[in-house]
Structure formats: C-alpha cells, structure tokens
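Report on one structure; see the data block that follows.
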Amino acid sequence: MSDAAVLAVTDLTVTIGTRRGPARAVAGVDWSVRAGETLALVGESGSGKSMSVLAATGLAPRAARVTGQVRLLGTDFTASSPDRRRRMRGRHVGFVFQDPMTSLNPVLTVGRQVAEAGEEHLGLTRRAARARAVELLDLVGIPSAAQRVDAYPHQFSGGMRQRVVIAMALACEPDLLIADEPTTALDVTTQAQIVELVADLQRRLGTAVVWITHDLGVVAGIADTVAVMYAGRILEQGPVDAVFGQPAHPYTTALLAARPDPAAGGGDLVTIAGAPPSPLALPAGCAFWPRCPVRGDARCEHELPPLRPVSTRHHVRTFYPQHADGRAGHE
Amino acid sequence: MSEHERPDRQPGDSPPAGEVVAELDELCVWFPTPAGVVRAVDGVSLRVRRGETLGLVGESGSGKSTTGLALLRLVDPTSGTVRVAGQEVTGWSRRRLRALRRRVAMVFQDPQASLDPRLTVGSSIAEPLIVHRLTGGTAARRRRVEELLDMVGLRRDLADRHPHELSGGQRQRVGIARALAGEPDLIVLDEPIASLDLSVQAQIMNLLRGLQRDLRLTYVFIAHDLAAVEHMSDRMAVMYLGRIVESGTPAQVWRQPAHPYTAALLSAIPVADPQVERQRRRIILSGDIPSPVDPPTGCRFRTRCPQARPECAATDPVLAEVAAGHRAACLFAGDAVRAMRAS
Ligand SMILES: Nc1ncnc2c1ncn2[C@@H]1O[C@H](COP(=O)(O)OP(=O)(O)OP(=O)(O)O)[C@@H](O)[C@H]1O
Ligand SMILES: Nc1ncnc2c1ncn2[C@@H]1O[C@H](COP(=O)(O)OP(=O)(O)OP(=O)(O)O)[C@@H](O)[C@H]1O
Ligand code: SF4
Ligand SMILES: [Mg+2]
Ligand SMILES: [Mg+2]
C-alpha cells in the first residue's frame, strides 16, 4: 500500500454484539485514499459502508469489536491511545453526515459552531475564529455570510445546513473529508450544488475524500476509485472507469442494469431476485450466491471467493468474473 | 423513428384513450399555519385516464403528496374541484367519502410506517375487504387474500407473519396487495420505491407495470426520481412550488424540455457513466425553493431561473401548449431552454 495514502485500512473487520447474536457488519475490507483523491464506497443499505468508515476513524459503537489495521497519515492509528486518536481525528478528519442536524446544535448560531471547530483544533482566538467562520461560510457558498453568521440552523434550508456542516468539517483544514451520504436527503438540484462544492474545494485544498453513497450516478460523477460493498465485503474495487465500464462482478453488472435508463426504452427492468442477507445469518460462501444470476456451481455456495485482480488496479471477488460483453466466464 | 420508442407504447403523444378516471380542476390546497398560509397546491389541473400512469415529479415541498391526497379527499380543497369516476367529490361528507376510499387507493413511501405492526400480513390485506364489505365469509376472504398474495409475488405462508419479519420490498408488496384489495379505479403511489434498496426498486417497478397490464390499473405515480417517473409513466407532470410547470409524454419532457426548471432538473440528475459525467455541463440553480407561504410574484421560478427577464416578475405564465400534448408554464417556453443549453 502506498505511503502517500492519507487513510489506509487493511483487513478491517467489525463484529457487533446484538441481542440476537454477533452481527458481522464489515469483513476483511482493504482500501486507501490519497490526497486530492476521492474514494467512493457504494452499496445497498446495511452493506457496511458507514460502519467501515466509523471503525476506520475510531468511532465504532462500543458494542463493536474492530480488528485489522488503520493508518492515518502514515501513523498506526489502531495502535494509538484513544486520546491520541481523538486528537488526530479532530485535527485531520472532517465529517459530513446525511442529516445535517446530527452535526448541528440547534441552540447555537451557525457562526459559533463553525468558529468552535477552528478554535479548538487550530488554537485560534475567539475573534480570529469568528472571522474565519465568515470566511468559511462564504467559501461554502452561503450568501451574505457576514450577516448570516449569527443565524440559527432552523433559519436555513436543508441544503444550506449541509453547507454549514461542510464549513465546520473544513474548519480544521482536514487532510481527509468523510462524507456519509451527504446528499441523500437533498433534492437533485441541491445535490448538484453540494457535489460541485465538494469537488471544487477538493481541487483547491487537495483534501482526500471518502464519499459514501448508494447512488451509482453520484459515484460516476465524483469518484476516482470505487469499492462496491455487499454484506460487509468488497465485491469489486478499482478505478471508476474500469468498474463502471467493464464491471466484472455479477452484482455490479446487475446493479448497473437495474436502474431505468431513459435512453434504453421502457421494457421491463433487469432485476436481482430477493433481498440482501441479514448480517446475523450470512451465507457460508459468496454472500451474493442466493441472488446471483450466474450461480456458477456448488463452490460459490460453500467457499468464499478471494478478491482477485482482473487488471492492475481492478479487483473482483467472484469465481465467475464477467467479460466486458456481459457473458460469464470461468476464472 | 425514434430510438425512444417503446414496445408497449406508441411514439409521440398517444396515451391510451380510456375514459377519465380522475380529474382535478384548478385545485388549491392551502394550509393555515402560524407562519402564514402554506399554498401547498396552488392551481393544479390534471386528468388521469383508465389504464394509464400519470407521473408526478418535483422537488421536496412542491406539492406532489398533497395533490395525491386530494385525489382521495384526504385533504380538503381550498378551491377548485376533484372529480373521480365522473362524480364531483369536492364537497362530499365524511360518510360518502368512505365509498370513495374504495375507488381510490394509496400506497405510501414507507411500508414500515403504513402497516399496522400488530396485524399479520394476512389481516392487513383482509382489512380493506372487511371495511368495504367485499367478501362474504372467512373462507372466501382467505381465498381472496391468497389470490392477492399471489398477484404481488408473495408466498402464501407469509400471511401469518408480522411486518417486522419482512424485508422492505416484501412490506411494499403487502402495501400494494392492500391497495389492490378493493379493486380501485385509481391507485395513488406516493414514492413507492424511495425507501427501497436499489436492487429491490426494479422488482417493485416491474411488479407495478405487470399488474397494470394484467388488470388495466390506473396509477398516479409520485416520485423525486425523474428516471423512475420517466420509466413508469404514459404522461408526466413536473411540479414546482404548488404548480405544474410542464407536462407531456416522458419522451417529450425528457428529450425536449420546454421549461427552464425541467431542463435544470434533468441536467442535475447524475448518470452512472463516468465518461458522460466528466463531459457534462450542468445547469446549477442558485438558491433554494422559495417559501410556499410567500411565492414570488409573476413566474414562481423566476428567483432561480437562469433565463429570467423583467417581464417574468409581472406575468404569471399559464400552462400553455408548446406541441401536441406538451405544455409548459414559461413566458419564453422552448427559447429559454435553448438559450440555457447553448450558454
Ligand atoms: N449499532 C449497531 N448495532 C448493531 N448492528 C449495527 C449497528 N450499526 C450498524 N449495524 C449493522 O451493521 C451492518 C452494516 O451497517 P452500516 O450502517 O455500515 O450499513 P450501510 O452500508 O452504511 O447502510 P445504509 O446505506 O443503510 O446507511 C448492518 O447490517 C447494520 O444493521
Ligand atoms: N398539513 C399540512 N400543514 C401545513 N403545511 C403542509 C401540510 N402538508 C403539507 N404542507 C406543506 O405543503 C407543501 C407541499 O407539501 P407536499 O408534502 O405536498 O410536498 P411533496 O412534493 O410531496 O414533497 P416531498 O417530496 O418532500 O414529499 C410543503 O411546503 C409542506 O411543508
Ligand atoms: S417565465 Fe421567465 S422566469 Fe419563468 S421560467 Fe420562463 S424565463 Fe424563467
Ligand atoms: Mg450508512
Ligand atoms: Mg411527498
């Protein structure tokens, strides 16, 4: 794994103790993201996208057992003390979540909240922090930021609140921005604004971005590399052009075909039968086997396929990689 | 011949010419609130014919759900009329409305919230049969429930389960079975796929279309997702701030949008192709949707419209025909979009 990686996880596994038994939320995941680069984690609900980034940044719930290795800016993050981990996170990582209100305090002005993020981690005076808050609100496109700095979150629309959260995330000048479904709750025209904003900030500031989404269209627009998750594992991973242009896993192929495509006419959509498995009862072999249109042989059912390269940086976890023409082949 | 042609649909504007099942005429639904009167729906006219799907698309708060609820008379119209199966139901009493609820059914976004957690799947589906006194004895009812389960592709043994034992897609199938139970004239589908996993959305869309073909159902399909509305609808309407700003066949709206808002909406939808995305030029709208308490004068879209001119503040554009069956509410319909796309 390259040393230039801002964040790199190796064999990350998260098991959560629940009343109905251990839930394996994430199982042996490897990925890394470099400065100025965007890694997209894509997958359906419950596939382990959020849990993998929470575990990677030391924010997994208490009931979770996390194993594997995490390196943040070259430091062994997993081996660091909780206190050091908290400091590193505060100084180097910014977070943006789906619901801006989970990050905002309704009784504090937006300016105060953006300023606080800077004060604490950059050691700014209160006055300097306020000036910086105005600057940041302006940077994220809040109109007349100098006046709006004293407004409260409820006086902003959903899109504007998400901009405030992005300003807060940027306040500590992070090396890494973690965006967990930041546009899922927003309208498409607002989503387009936020995507544009993050891409622009990334170009200017060189931030590494991990962007979680279930929207393949958003991935196509923002990602350099993409990891497709299913039932806690990465099924396919690589440069976005390779994964979307020559999808090799039957799941990726089916997912790309399941969306209605206005250019393709109105016949029935390609469907994937059934639903994703529960993390409490994962199949023994390939987790996608019960739904797989290829369903190669008994091995798929009983043996976990390894993640293998189909080209230099493009990896896939299947015994039957698809060819570019959509036919299934044997390894 | 257009590449957009569909096997099950004629090209151009020829929706199946069934009789009108439901009709709204200049409907207004205003809600008094402490912050002022919310004009949720503010002059909407539409018509749904038997066997067709009318799609309603628009951003959050544009009035789609309120329009859908008005068709069931689950909200009271402030002015305008609602007609269902030829009868004006605008002023109907609560008693008479019970009969209407059989004629018009609704499927909601969140199947978890719309099903009673204490009832088994079978009882949930049987409920409308009992309320509307549709089947005789218990045995007949049981047979009808099994038939409905078959129709929506659920195993019969699921009848004894509770909603929390089902997946999201299965719960939505139960919601659809309930809606089918009373053999309604119209089914209003309010974001029926929004809360489902991507791989399950396609299953539900196929199911809805299959049922429509087999039973000649009539749908109003409400969604944020323009591609899904395009796929499902025979005709579609784009809403903005309580009004329909454009309507036509999906092909017309998708390929030749005539309203600047539709053009911006289309350009904002990300496409799952990195090469297309890299070359795309987006029309990024500035600002947010204005408050429905105090909509802008003249054209409601003018505060965000890249093509707004001084006239737009003075004149409220009507929904006018730009081609056969294709309407837009813009003073400069067509031209404005051409200008936007060229710039
Ligand atoms: N606090 C928790 N306790 C128990 N199980 C949990 C907890 N948080 C997550 N899980 C389980 O871990 C698995 C992975 O969850 P995760 O939140 O990472 O999914 P996700 O891919 O982010 O999904 P979504 O798209 O719905 O956000 C899921 O099966 C989920 O039910
Ligand atoms: N009962 C009500 N009282 C007050 N305001 C309401 C009520 N119902 C809806 N509204 C308001 O009316 C407007 C239209 O709401 P509606 O739910 O019809 O929009 P929508 O297009 O369905 O949006 P979404 O996509 O978010 O579901 C919104 O501004 C909403 O806040
Ligand atoms: S009438 Fe004017 S403001 Fe409204 S959409 Fe047309 S050009 Fe834009
Ligand atoms: Mg998540
Ligand atoms: Mg709604």
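Each value in this text was obtained by applying a stated rule to the coordinates, not by laboratory testing. For clarity, every value in this text was computed on a predicted model and none was experimentally measured. As a convention, Cβ positions derive from the backbone with ideal geometry for all residues, glycine included, and neighbour counts pool all protein chains shown.
Among the residues making up region B:52-63, those that are within 14 Å of B:E246 (Cβ to Cβ) and either within 16 Å of ligand 3 (Cβ to nearest atom) or outside any strand (DSSP E or B) (or both) are B:G58, B:E59, B:S62.
Let's see how each residue does on (1) closer than 20 Å to B:L215 by Cβ; (2) within 14 Å of another protein chain (Cβ to nearest Cβ); (3) assigned to a helix (DSSP H, G or I):
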site: B:P128; (1), (2), (3): yes, no, yes
site: B:L134; (1), (2), (3): yes, no, no
site: B:A139; (1), (2), (3): no, no, yes
site: B:R142; (1), (2), (3): no, no, yes
site: B:L148; (1), (2), (3): yes, no, yes
site: B:G153; (1), (2), (3): yes, yes, no
site: B:L158; (1), (2), (3): no, yes, yes
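Looking at (1) farther than 27 Å from B:A264 by Cα; (2) touching a residue at least 60 places away in the same chain (Cβ under 8 Å), which one does A:A223 not meet, given that it meets all the others? Answer for A:A223: the failing condition is (1). So in region B:262-285, with the set limited to residues that are more than 8 Å from chain A (Cβ to nearest Cβ) and touching a residue at least 24 places away in the same chain (Cβ under 8 Å), which one is nearest to B:V38 (Cα to Cα)? Only one residue fits best here, namely B:T262. Filtered by the rule that a residue be of a type outside the set (S, T, N, Q), within 7 Å of chain B (Cβ to nearest Cβ), part of a loop (DSSP other than H, G, I, E, B) and in contact with a helix residue (DSSP H, G or I) (Cβ under 8 Å, 6 or more places away or on another chain), region A:245-281 gives A:R259, A:P260, A:P262, A:G266, A:D268, A:L269, A:V270, A:I272, A:A275, A:P276.
Just to be sure, is B:D335 of a type outside the set (A, V, I, L, M, F, W, C), away from chain A (no Cβ under 12 Å) and more than 16 Å from ligand 5 (Cβ to nearest atom)? Yes: the conditions hold for B:D335. Would you be able to say whether some residue in region B:66-73 is within 16 Å of ligand 5 (Cβ to nearest atom) and among the hydroxyl-bearing types (S, T, Y)? Taking every residue of region B:66-73 in turn, at least one turns out to be within 16 Å of ligand 5 (Cβ to nearest atom) and among the hydroxyl-bearing types (S, T, Y). If you go through region B:308-342 and keep only what is exposed (fewer than 12 other Cβ atoms within 10 Å of the Cβ) and touching a residue at least 24 places away in the same chain (Cβ under 8 Å), you end up with just B:A324.
Scanning region A:91-100 turns up no residue that is of a type in the set (K, R) and free of Cβ contacts under 8 Å to residues at least 60 places away in the same chain. Scanning region A:43-65 for residues that are of a type in the set (S, T, N, Q), buried (at least 19 other Cβ atoms within 10 Å of the Cβ), within 9 Å of ligand 4 (Cβ to nearest atom) and part of a loop (DSSP other than H, G, I, E, B) gives a single hit, A:S47. Residues in region A:66-98 that are part of a loop (DSSP other than H, G, I, E, B) and either more than 16 Å from ligand 2 (Cβ to nearest atom) or over 18 Å from the mean Cα position of the chain (by Cα) (or both): A:L73, A:G74, A:F77, A:T78, A:A79, A:S80, A:S81.
The number of residues in region B:179-209 being away from ligand 1 (no atom under 16 Å from the Cβ) and within 18 Å of the chain's Cα centre (by Cα) comes to 18.
Conditions (1) basic (K, R); (2) within 16 Å of ligand 5 (Cβ to nearest atom); (3) away from chain A (no Cβ under 11 Å), marked per residue:
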{"site": "B:Q203", "(1), (2), (3)": "no, no, no"}
{"site": "B:S233", "(1), (2), (3)": "no, no, no"}
{"site": "B:L241", "(1), (2), (3)": "no, yes, yes"}
{"site": "B:V253", "(1), (2), (3)": "no, no, no"}
{"site": "B:P257", "(1), (2), (3)": "no, no, yes"}
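The residues on offer are A:A242, A:A179, and the sole one that is within 12 Å of chain B (Cβ to nearest Cβ) and either out of contact with any Pro (no Cβ under 9 Å at 6 or more places or on another chain) or not in a loop (DSSP other than H, G, I, E, B) (or both) is A:A242. Restricting region B:286-312 to residues that are more than 8 Å from ligand 3 (Cβ to nearest atom) and of a type in the set (A, V, I, L, M, F, W, C), which is nearest to the other protein chains (Cβ to nearest Cβ)? The extreme case among them is B:I289. Scanning region A:156-168 for residues that are more than 16 Å from ligand 5 (Cβ to nearest atom), in contact with a helix residue (DSSP H, G or I) (Cβ under 8 Å, 6 or more places away or on another chain) and part of a helix (DSSP H, G or I) yields A:G159, A:R161, A:Q162, A:R163, A:V164, A:V165, A:I166, A:A167, A:M168. If you filter region A:200-219 down to residues that are within 11 Å of chain B (Cβ to nearest Cβ) and closer than 22 Å to A:L307 by Cβ, you find that the one that is surrounded by the fewest Cβ atoms within 10 Å (Cβ to Cβ) is A:H214. Every condition in (1) within 16 Å of ligand 3 (Cβ to nearest atom); (2) assigned to a loop (DSSP other than H, G, I, E, B); (3) on the phi > 0 side of the Ramachandran plot is met by B:G43 except one, and the failing one is (2). Candidates are the residues of region B:191-211 that are small (G, A, S) and not in a helix (DSSP H, G or I); the one that is nearest to ligand 4 (Cβ to nearest atom) is B:S195. Taken over region A:275-306, the criterion of being among the small types (G, A, S) and surrounded by 15 or more Cβ atoms within 10 Å (Cβ to Cβ) is satisfied by A:A275, A:G285, A:A287, A:G296. Condition first: away from ligand 5 (no atom under 16 Å from the Cβ) and surrounded by 19 or more Cβ atoms within 10 Å (Cβ to Cβ). Now tell me which residues in region B:50-65 satisfy that. Selection gives B:G51, B:E52, B:T53. Checking each residue in region A:117-130 for being free of Cβ contacts under 8 Å to residues at least 40 places away in the same chain and surrounded by 16 or more Cβ atoms within 10 Å (Cβ to Cβ) picks out A:E119, A:L124, A:A129, A:R130.
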